[in-house]
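**Q** Pasting in a structure now, in structure tokens, and then I'll have a few things to ask.
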Amino acid sequence: MFQPSSYQRKSRIAVGRAASTREPEVISQPAAGGKGAGSVPRKPLESGLYRARPGAHIDRMAILKIARMGHPVLRQRAAEVADPKAPEIKRLVADMIETMEDAHGTGLAAPQVHVSLRVVVFKVMGVRAGDQPGDGPVPLTVLINPVIEPLGPETELGWEACLSVPGLMGAVPRWTRIRYSGVTPEGERIERVAAGFHARVVQHECDHLDGTLYPMRMTDLSLLGFADEMRRAAPPAAGGVEAAAEEAEPETVEA
Ligand code: NI
């Protein structure tokens, strides 16, 4: 399903820009196999600057444009990746990681960069980790075709933000403990038990693969608001959610 030309990329190296420079030229592309964004004409990936050094672009990464709520790519079910070890997937993953780091996110799903494939990347920094089993720091992880299974009926509220819903934060109920699995671009299978923030990040990212954004999971929309307003005042009380709110850093919660 994946086609190398299905998303736009442009090497910073090739155009000689600073690492933090956004690339406004990177435009939304139709998702692989999708219908919703089909009005944008495709442009050959290897056109222009890449011609100068054939093959050299493999090592380069690109910061991709992030789709925002309302774009159809965020509403559709992303397709399974037929070959997780394909070079195109490695390149997509590298670009997603660079995009996530540039945005100071803690996770990113492929549909957020206009690629409708079941790929997510995430990490849990030590400052975000809790003390229950499965909620420790997690190194940068790539999951292809991930599957989530809740371990028990318990849910908990916690603050979330999303790079595709910029500026907002909201309290979202999530499974407290889950088991998740997936495949890496090296073809290795990952299976982990997760709890707390770790479990929340994985559920948030995998929701993107099914066209679900966190506000769609919220049960009390009075707990949705602009992050700067909610930080200025004390966030509204919501059961056990206050403790999480003290640490809420939407730019690092995402998502
Ligand atoms: Ni998100």
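Coordinate-derived values only; no laboratory data. On a predicted model such as this, the values are computed, not experimentally measured, just so you know. Using ideal geometry, Cβ is built from the backbone for each residue, glycine included, and neighbour counts are taken over all protein chains shown.
**Q** Amide H neighbours of Gly211 under 5 Å, at least 5 residues apart or on other chains, H built in the peptide plane: list them.
**A** Ala78
**Q** Moving to a separate point now. Would you mind computing, in nm to one decimal, how far apart the modelled labels at Leu151 and Val127 are, each placed 7 Å from Cα along Cα→Cβ?
**A** For the pair Leu151/Val127, the computed spacing is 2.8 nm.
**Q** Compare the peptides 97-104, 72-79 by average per-residue count of other Cβ atoms within 10 angstrom and give them in order, highest first.
**A** Peptide ranking by packing, descending: 72-79, 97-104.
**Q** Next up: Non-local amide H neighbours of His114 (under 5 Å, H modeled in plane, Pro and chain starts lacking H): which ones?
**A** Ala67
**Q** Largest first and to the nearest Å, give the Cα extent of region 54-162 along each principal axis.
**A** 51, 29, 27
**Q** What ³J(HN,Hα) values, in whole Hz, does the Karplus curve 6.51 cos²θ - 1.76 cosθ + 1.60 give for region 84-100 when θ = phi - 60°, with x put for Gly and Pro?
**A** x, 8, 4, x, 5, 6, 4, 5, 4, 4, 4, 5, 5, 5, 5, 5, 4
**Q** Out of residues 5 or more away from Val81 or on other chains, whose amide H comes under 5 Å of its own, with H placed 1.01 Å from N in the peptide plane?
**A** Arg118, Asn145
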